[in-house]
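Chemist: There's a structure below that I have some questions on.
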Amino acid sequence: MKHVSILVPNEAVLASIVDPRTMFTGVNEFLEAAGKPPLFVVQLVGLSKEVSLNKGLFTIHTDVLLQDLKKTDLIIIPAISGDIRTTLKLNEDFIPWIVLQYKKGAEVASLCIGAFLLASTGLLNGKECSSHWQTANEFREMFPEVNLVDGRIVTEQQGLYSSGGATSYWNLLLYLVEKYAGRVMAITASKIFALEIYRKSQSPFIMFNGQKKHEDEPIKQAQEYIENNVTEKISVEHLSLKFAIGKRHFERRFKKATNNTPVEYIQRVKIEVAKKQLEISKKNVNEVMYDVGYSDTKAFRSLFKRITGLSPIEYRNKYNKEGVLVDTI
């Protein structure tokens with residue numbers, strides 16, 4: 001099971017604590033209803049047992065004190081409020097703990113202007129970040145070494161996630177559900193919570209950036225080669241020869257580094273590109289299939305449905321608002 005730590009900072013925005021808890025505990029409920037075991041252990045983590053918010057109007061009772069939690073898998077940093085510099089000072093004790101957990105392998109996600117607290121750790125230096133447009137100038141002034149990107153709903157680099165302003169953090173929560181629990185569960189959550197899963201501005205390969213958080217440089221090069229040659233029919237033999245690594249050794253190293261076999265990774269890259277084309281283009285399914293290097297419609301349809309939970313035409317009908325729906329695949 002994945003341990004999810006939702007931080008409860010002083011001056012936090014209440015909804016951005018409640019909503020991620022609702023999302024991850026909700027996924028557990030969906031899984032249990034389907035006869036499957038829950039996936040997440042969700043805890044509210046604070047500097048004290050009780051945290052007063054909204055000038056004392058609400059009180060959050062934390063599940064565990066920061067000092068007592070030694071290991072986690074995913075840290076959620078909620079949005080913060082008030083004078084930013086003052087709020088950061090009140091929450092500075094979170095910073096070394098976040099850095100330590102990240103070094104131990106945890107991923108970290110900031111919601112809205114929770115990006116200020118994440119940026120205070122120094123982990124975002126030299127990386128991209130999303131946040132609320134309203135505080136963009138202040139963010140750039142305080143953190144000149146961080147590349148704040150405008151108009152990006154979700155940003156992810158090396159296991160560090162951030163979302164745009166206000167309720168756009170729901171898109172990041174759905175993205176994290178997709179990464180940890182799969183596309184089918186993300187779609188289920190989007191339906192039950194009445195959320196739009198379509199993410200207009202994301203790169204087709206964004207979900208794979210987190211799988212490059214390793215030190216095996218030849219494997220990183222192989223990943224990039226796969227992503228840059230999506231129209232080609234790439235075999236494991238071809239990759240092992242190209243990067244001068246024996247086939248079995250290459251497969252073992254690739255699996256260890258990415259948690260996918262080379263074949264799985266190739267398939268996921270191709271299907272991710274196909275998804276994006278079905279979402280935003282007017283190409284029919286056959287054209288999309290050929291664009292990602294497949295010629296067998298049965299094999300493509302079977303793989304697409306296994307990964308996404310929908311047939312290509314079902315996916316196109318659901319997520320393409322402008323496409324001409326003339327496919328029969």
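The values are calculated or read from the model by the stated rules, or taken from the named source; none is laboratory data. Since the model is a prediction, treat every value here as computed from it, not as a measurement. Every residue, glycine as well, gets a Cβ built from its backbone with ideal geometry; the counts of neighbours run over all protein chains shown. Side chains are part of the model used for accessible areas, which takes the heavy atoms of the whole protein and leaves out ligands, DNA and RNA. Shrake-Rupley method; radii C 1.70, N 1.55, O 1.52, S 1.80 Å.
Chemist: Which of the residues spanning the stretch 21-47 are out of contact with any Lys or Arg (no Cβ under 9 Å at 6 or more places or on another chain) and assigned to a loop (DSSP other than H, G, I, E, B)?
Modeler: Matches in the stretch 21-47: 34, 35, 36, 37, 38, 47.
Chemist: From the residues in the stretch 190-213 that are open to solvent by 80 Å² or more (accessible area, probe 1.4 Å) and aliphatic (A, V, I, L, M), which one is modelled with the highest pLDDT? Explain how you work it out, then say what you get.
Modeler: Our first condition is that a residue be open to solvent by 80 Å² or more (accessible area, probe 1.4 Å); within the stretch 190-213, this holds for 191-192, 194, 196, 200, 213.
Subsequent filtering for residues that are aliphatic (A, V, I, L, M) retains 192, 194.
Working: 192: 87, 194: 81.
So the residue we want is 192.
Chemist: Residues of the stretch 16-35 being open to solvent by less than 10 Å² (accessible area, probe 1.4 Å) and either more than 14 Å from residue 52 (Cα to Cα) or modelled with pLDDT under 95 (or both), which ones? Please lay out each step first, then the result.
Modeler: Start the filter on the stretch 16-35 by keeping residues that are open to solvent by less than 10 Å² (accessible area, probe 1.4 Å), which leaves 16-17, 20, 23-24, 26-27.
16, 20, 23, 24, 26, 27, listed by residue number.
Chemist: Within the bounds of the stretch 52-68, is there any residue that is crowded, with 20+ Cβ neighbours inside 10 Å, at pLDDT 95 or above and part of a loop (DSSP other than H, G, I, E, B)?
Modeler: No, the stretch 52-68 has no match at all.
Chemist: Still on this structure: Could you check how many residues of the stretch 105-120 are open to solvent by 10 Å² or more (accessible area, probe 1.4 Å), at pLDDT 95 or above, part of a helix (DSSP H, G or I) and of a type outside the set (Gly, Ala, Ser)?
Modeler: Number of matching residues: 0.
Chemist: Follow-up question, since we're still on this one. Of the residues 83, 73, which is of a type outside the set (Gly, Ala, Ser) and out of contact with any strand residue (DSSP E or B) (no Cβ under 8 Å at 6 or more places or on another chain)?
Modeler: Numbers: 73 fails: out of contact with any strand residue (DSSP E or B) (no Cβ under 8 Å at 6 or more places or on another chain).
Exactly one residue qualifies, and that residue is 83.
Chemist: Whether any residue in the stretch 80-88 is in contact (Cβ under 8 Å) with a residue 12 or more places away in the chain, touching a helix residue (DSSP H, G or I) at 6+ places or on another chain (Cβ under 7 Å), assigned to a loop (DSSP other than H, G, I, E, B) and among the aliphatic types (A, V, I, L, M) is what I want to check.
Modeler: No, the stretch 80-88 contains no residue that is in contact (Cβ under 8 Å) with a residue 12 or more places away in the chain, touching a helix residue (DSSP H, G or I) at 6+ places or on another chain (Cβ under 7 Å), assigned to a loop (DSSP other than H, G, I, E, B) and among the aliphatic types (A, V, I, L, M).
Chemist: Continuing with this model, one more query. So, residue 146, is that one under 24 Å from residue 180 (Cα atoms) and surrounded by 13 or more Cβ atoms within 10 Å (Cβ to Cβ) or not?
Modeler: no
Chemist: What are the pairs with Cβ atoms under 8 angstrom where one residue, in the stretch 233-251, is touching a residue at least 60 places away in the same chain (Cβ under 8 Å) and at negative phi and the other, located anywhere, is in a loop (DSSP other than H, G, I, E, B) and surrounded by 14 or more Cβ atoms within 10 Å (Cβ to Cβ)? Sequence gap at least six, or different chains.
Modeler: 233/293
Chemist: Only one of these is open to solvent by 50 Å² or more (accessible area, probe 1.4 Å), among the β-branched types (Val, Ile, Thr) and under 22 Å from residue 93 (Cα atoms): 41, 45, 13. Name it. Walk me through it before giving the result.
Modeler: Details: 41 fails: under 22 Å from residue 93 (Cα atoms); 45 fails: open to solvent by 50 Å² or more (accessible area, probe 1.4 Å).
Of the residues listed, the single one that is open to solvent by 50 Å² or more (accessible area, probe 1.4 Å), among the β-branched types (Val, Ile, Thr) and under 22 Å from residue 93 (Cα atoms) is 13.
Chemist: Let me ask you something else. Could you check residue 102 against (1) surrounded by fewer than 21 Cβ atoms within 10 Å (Cβ to Cβ); (2) within 25 Å of residue 22 (Cα to Cα); (3) more than 20 Å from the chain's Cα centre (by Cα) and say which number it fails?
Modeler: (3)
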